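The values are calculated or read from the model by the stated rules, or taken from the named source; none is laboratory data. As the structure is a computational prediction, the values presented were derived from the model and not from experiment. Don't worry about glycine lacking a Cβ; one is built from the backbone with ideal geometry, like all the others, and counts go over all protein chains shown.
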Amino acid sequence: MSKTSIKPALITKIIPDSIAAEIGFEPGDAIASINGQQPRDLIDYQYICADEYLEIEVIDAKGKTHHIEIEKDYDEDLGLEFSTALFDGLIQCNNRCPFCFIDQQPPGKRETLYLKDDDYRLSFLYGSYLTLTNLPQREWERIEQMRLSPLYVSVHATEPELRSRLLKNSRAGKILEQIQWFQERRLQIHAQVVVCPGINDGIHLERTLLDLAKFHTGEIPAVASVAVVPVGLTRFRPSSDELIPVTTEKAEEVIDQVQEIQAKLKEKSGTNCIWLADEWFLIGRRDLPPASEYEDYPQIGNGVGSIRQFISQFEAAVKEILANNICLSTKRKLTWVVGNAVEKAFAAIAERLNQIEGLEVNMVALSSNYWGQSISVTGLLTGQDLLDGLQGRDLGEGIILPSVMLKPGDNLFLDDMTLEELAERLKKPIWPVAGVEELILTAMGDR
């Protein structure tokens with residue numbers, strides 16, 4: 001990225017009682033430089049702002065330039081939030097993976113849904129996955145210099161020809177060399193393998209997992225963890241993608257295969273680095289592993305152990321919040337909407353909530369007709385799915401909605417329907433909840 005492509009960092013929020021609030025920063029201001037340097041991204045900003053003395057060039061909303069001097073404690077945060085983490089633009093993906101979710105969406109939706117990022121900075125900051133196929137040498141050097149670790153890498157296959165076929169990119173076959181690069185520099189990655197039946201499963205999956213496991217050695221293993229994920233398909237995918245859905249039988253086969261590999265690795269080294277995404281157990285109609293199997297949940301953001309963690313957190317919260325027999329002063333009847341993939345796993349949660357005297361929570365588990373899926377995770381349900389699945393039902397006083405269905409920081413579903421529009425059409429209030437505590441308190445009317 002050239003310096004001319006770096007734009008001033010637009011400020012969207014000032015944290016109350018922060019240094020920035022005390023100085024008088026306002027939303028709409030933009031930082032042009034700090035100590036004479038133009039920050040490329042949030043990583044640069046955080047690194048430069050760690051200093052005790054800062055000279056900041058600020059452009060206000062009217063376009064006037066100001067120069068501000070700040071003295072503070074080392075590493076003390078200024079209290080600013082920005083419109084984006086990238087001030088010089090997104091590193092976009094030039095692969096053409098047939099299973100890419102971006103390419104399996106209908107046309108005509110908001111622009112951000114079609115951005116195919118392959119940006120190591122978003123991987124470092126937020127845990128998004130990249131392929132390592134789009135990095136020029138200067139970015140590899142920056143990763144090393146700034147110790148940007150761990151990164152999250154989509155591997156899918158370690159055999160060069162197979163990975164190149166999956167990513168439709170001739171540069172994709174160097175993945176083992178690239179992981180070796182991380183190992184030599186004591187940097188780490190978390191890997192994911194999206195299993196496509198008939199392509200990278202069976203002996204290819206075994207080779208990939210064993211290859212990756214070889215890098216899970218030493219004090220700082222280059223491969224910190226591996227998530228094995230089933231391919232997700234929608235009705236909007238290209239007809240010539242050669243992909244087939246994961247069946248119950250295939251899920252059972254992969255579970256047995258991976259668990260056998262896990263057992264061998266654990267016997268050999270005493271630890272595990274390979275985990276199956278929850279979806280395998282839901283599709284294969286198998287019980288989820290116990291919480292102890294997930295160690296410190298290294299792949300929680302990839303759907304590995306998220307259901308088990310939610311159940312464990314609910315059980316802990318019940319002991320704390322519902323320790324005494326609680327009786328609601330006013331009876332409440334609510335609808336709790338989830339994806340049908342978790343219907344069996346969450347049945348006990350709904351049952352426990354209904355043990356609160358005066359409370360009735362009806363869990364409605366939906367699949368997504370929008371995506372053309374018979375089994376759907378909660379986060380992929382759209383506004384139209386909810387409208388179709390809830391119209392005509394007795395919804396009680398209102399609807400409890402897991403916030404994973406909505407765009408972060410916004411009330412927008414994946415199909416661009418707004419939360420307000422859905423509430424208006426169902427003629428019921430809707431309460432988004434994030435996490436166990438909000439679920440319980442919202443159900444009880446304490447939020």
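Summary of computed values
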{"quantity": "Sole exception among (1) charged (D, E, K, R); (2) outside any loop (DSSP other than H, G, I, E, B); (3) surrounded by fewer than 22 Cβ atoms within 10 Å (Cβ to Cβ) for Arg186, by number", "calculated": "(2)"}
{"quantity": "Single residue of region 3-22 satisfying the filter (among the β-branched types (Val, Ile, Thr) and surrounded by 15 or more Cβ atoms within 10 Å (Cβ to Cβ)) that is nearest to Ile91 (Cα to Cα)", "calculated": "Ile6"}
{"quantity": "Region 124-151, subset outside any helix (DSSP H, G or I) and in contact (Cβ under 8 Å) with a residue 60 or more places away in the chain, residue nearest to Gln183 (Cα to Cα)", "calculated": "Pro150"}
{"quantity": "Check on Ile203, out of contact with any Cys (no Cβ under 9 Å at 6 or more places or on another chain), assigned by TED's automatic domain parsing to the domain that holds Phe124, crowded, with 23+ Cβ neighbours inside 10 Å and closer than 24 Å to Asp241 by Cβ", "calculated": "no"}
{"quantity": "Residues within region 257-295 that are closer than 26 Å to Pro245 by Cα, surrounded by 17 or more Cβ atoms within 10 Å (Cβ to Cβ) and polar (S, T, N, Q), tallied", "calculated": "2"}
{"quantity": "Which listed residue is in contact with a helix residue (DSSP H, G or I) (Cβ under 8 Å, 6 or more places away or on another chain), part of a helix (DSSP H, G or I), modelled with pLDDT under 95 and in the same structural domain as Ile255 (by TED's automatic domain parsing), from Leu113, Leu176, Leu162", "calculated": "Leu113"}
{"quantity": "Condition met for Ile43 (in contact with a Phe, Trp or Tyr (Cβ under 9 Å, 6 or more places away or on another chain), assigned to a strand (DSSP E or B) and not assigned by TED's automatic domain parsing to the domain that holds Pro150)", "calculated": "no"}
{"quantity": "Failed item, numbered, when Ala316 is tested on (1) within 23 Å of Pro402 (Cα to Cα); (2) outside the structural domain of Asn362 (by TED's automatic domain parsing); (3) assigned to a helix (DSSP H, G or I)", "calculated": "(2)"}
{"quantity": "Odd one out for Cys97 among (1) more than 28 Å from Ser123 (Cβ to Cβ); (2) part of a loop (DSSP other than H, G, I, E, B)", "calculated": "(1)"}
{"quantity": "Cβ pairs under 8 Å, 6+ apart, first in region 26-37 and at pLDDT 95 or above and of a type in the set (Asp, Glu), second surrounded by 13 or more Cβ atoms within 10 Å (Cβ to Cβ) and not in a strand (DSSP E or B)", "calculated": "Glu26/Asp60; Asp29/Asp60"}
{"quantity": "Filter pass, Gly305 being under 30 Å from Tyr126 (Cβ atoms), surrounded by fewer than 18 Cβ atoms within 10 Å (Cβ to Cβ) and either among the aromatic types (Phe, Trp, Tyr) or touching a strand residue (DSSP E or B) at 6+ places or on another chain (Cβ under 9 Å) (or both)", "calculated": "no"}
{"quantity": "The one condition in (1) within 30 Å of Asp17 (Cα to Cα); (2) not in a loop (DSSP other than H, G, I, E, B) that Lys62 fails to fulfil", "calculated": "(2)"}
{"quantity": "Within region 327-342, tally of residues that are more than 21 Å from the chain's Cα centre (by Cα), surrounded by 14 or more Cβ atoms within 10 Å (Cβ to Cβ) and of a type outside the set (Ser, Thr, Tyr)", "calculated": "5"}
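Yes/no per residue for (1) closer than 15 Å to Ile440 by Cα; (2) in a strand (DSSP E or B); (3) among the small types (Gly, Ala, Ser); (4) not assigned by TED's automatic domain parsing to the domain that holds Ala434:
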site	(1), (2), (3), (4)
Glu320	yes, no, no, no
Thr335	yes, yes, no, no
Ala341	no, no, yes, no
Ala345	no, no, yes, no
Leu359	yes, yes, no, no
Tyr370	no, no, no, no
Ile375	no, no, no, no
Arg393	no, no, no, no
Leu401	yes, yes, no, no
